[in-house]
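Below: one structure, written as structure tokens.
Nothing in this text is a laboratory measurement; each read-out follows from the coordinates by a stated rule. Being a predicted model, the structure only gives us computed values, none of them experimental. Cβ coordinates were reconstructed from backbone atoms using ideal geometry, including for glycine residues, and neighbour counts include every protein chain displayed.
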Amino acid sequence: MNQARVLLQDAIRFQQALMTSSFQEELIDGASPVLWYGRPTEGQFLTVGTNPSRGEFFERDGAVRRGASQKFYWRDQSLEAYLQDDNALEATLDYAAAYFEAGRATTSWFGKQGGAKLEALLEGMGRSFYDGSALHVDFFKYATSRQMGQLRTGRQWMEHPTSLDLLERTIRYVTPSRLIVLGRDNCAAFDGFTQCEQIEAYPGARFELGYHATLHVPMVGLHFKPSEVFVGLGNGRDAFGLHHGSYAKREHLIRIGAAIEASARRYFG
């Protein structure tokens with residue numbers, strides 16, 4: 001817990017710096033940094049996305065999530081006071097750890113237990129967010145009002161040296177047995193991928209394999225996003241005539257996950 005607390009405090013300090021930068025207007029002021037989604041335990045698969053969505057902190061009508069619908073800690077104090085508030089820091093970590101256990105997960109992105117989305121792909125790999133064998137983190141720990149892909153300087157701030165350091169320290173803290181990086185742009189920010197493959201039955205689903213350059217953790221990099229429309233592949237058909245939108249169905253995602261897992265086991269040994 002002490003290491004997690006230090007990591008959280010350093011994430012808050014970077015948030016302080018961001019709130020005085022040109023990126024400040026894109027950030028959600030009261031949103032806490034999100035270190036992870038779920039409870040870190042040894043040997044998990046760690047999926048790596050982009051950044052927390054606005055919906056993790058706000059209802060559809062724009063109200064701040066409170067009570068039973070609250071997913072993460074909401075800050076009603078200054079960042080400086082937050083840094084020194086033991087109860088607030090503990091609550092931040094508790095909310096993040098209980099994300100799946102307490103039924104708070106955004107199922108439209110992660111998928112329901114036994115459902116589709118990213119959860120189905122993990123099921124094909126023999127893992128699940130809901131039994132704790134998989135954990136999710138984001139490349140950038142801060143929620144933005146608009147999607148990162150819409151922001152001209154979004155990638156610049158994601159790959160800021162402090163942001164990259166926080167991500168590497170998070171991975172080191174979690175000590176996963178494998179990283180699964182979501183999306184081609186995010187894959188490009190990781191050094192260590194050495195082999196690119198595609199799934200024979202789903203030629204639109206390309207992925208990379210390698211080892212993290214400094215932590216030496218096995219990595220799978222997906223050139224598609226299982227939780228997004230058309231799995232990030234575009235509104236078209238593959239070489240077999242299967243519409244890319246069909247890839248997002250549970251049965252196909254399970255097969256895609258199983259095929260990736262088979263390739264990964266051959267590669268990593």
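How large is the charge dipole for the range 52-169, taken about the Cα centre, if only the Cβ atoms of Lys, Arg (+1) and Asp, Glu (-1) carry charge, to the nearest 20 debye?
Using only the charged Cβ atoms, the result is roughly 600 debye.
Could you let me know the centre-to-centre spacing of the range 1-45 and the range 72-116, using Cα atoms, in angstrom?
A separation of 11 Å, based on Cα centres.
Just to verify a number: FRET efficiency for R60 and M19, C-beta to C-beta distance, R0 = 30 Å, to 0.05?
0.70
Compute the relative contact order of the chain as a whole-number percentage, counting only Cα pairs closer than 8 Å that sit 6 or more residues apart in sequence.
This gives 23 percent for the chain.
Classify the range 115-223 as rounded, prolate or oblate from the Cα gyration tensor: take a ≥ b ≥ c as the square roots of its eigenvalues, call it rounded if a/c is under 1.5, otherwise prolate when a/b beats b/c and oblate if not.
Rounded shape, in that the Cα axes give a/c under 1.5.
Place a label point 7 angstrom from the Cα of D10 along the Cα-to-Cβ direction, then list the residues of the range 19-53 whose backbone nitrogen is under 17 Å away.
Once the point is set 7 Å along Cα→Cβ of D10, 33-36 turn out to lie under 17 Å by backbone N, inside the range 19-53.
In Å and on Cα atoms, what radius of gyration and Dmax does the range 34-160 show?
15.1, 44
Provide, in order from the shortest bin, the percent of all Cα-Cα pairs of the chain in each 5 Å bin, continuing until the bin that contains the maximum pair distance.
Percent of pairs per bin, in order: 1, 6, 13, 17, 19, 18, 13, 7, 4, 1, 0, 0.
Just how large is the dipole of the range 2-268 about the Cα centre, in debye to the nearest 20, putting +1 at every Lys and Arg Cβ and -1 at every Asp and Glu Cβ?
That gives the range 2-268 a dipole magnitude of about 620 debye.
What percent do you get for the relative contact order of the range 94-235 when only Cα pairs under 8 Å and 6+ apart count?
With pairs under 8 Å counted, the relative contact order is 19 percent.
Given only helices, namely DSSP H runs of n ≥ 4 each adding -39500 (n - 2.57), what is the per-residue ellipticity at 222 nm of the chain, to the nearest 500 deg cm²/dmol?
For the chain, the value works out to -10000 deg cm²/dmol.
Please get the size of the charge dipole for the range 1-57, origin at its Cα centre, with Cβ charges of +1 on Lys and Arg and -1 on Asp and Glu, quoted in debye to the nearest 20. All intermediate terms of the calculation are to be shown ahead of the outcome.
Working: 4 positive and 6 negative charges, 37 e Å.
About 180 debye.
Do any GluC sites (Glu not before Pro) in the range 41-140 lie in a DSSP loop with no more than 14 other beta carbon atoms within 10 Å, and if so, which? Can you show the working numbers first?
Details: sites: E42, E56, E59, E80, E90, E101, E119, E123; in loops: E42, E59, E101.
Listed in order of number, the matching sites are E42, E59, E101.
Mind checking which lysines have their Cα closer than 28 Å to the Cα of K249? Skip sequence neighbours fewer than 8 apart in that chain.
Cross-link targets: K71, K112, K117, K225.
Roughly how far apart, in whole Å, are the Cα centres of the range 195-262 and the range 143-188?
Each part's Cα centre sits 19 Å from the other's.
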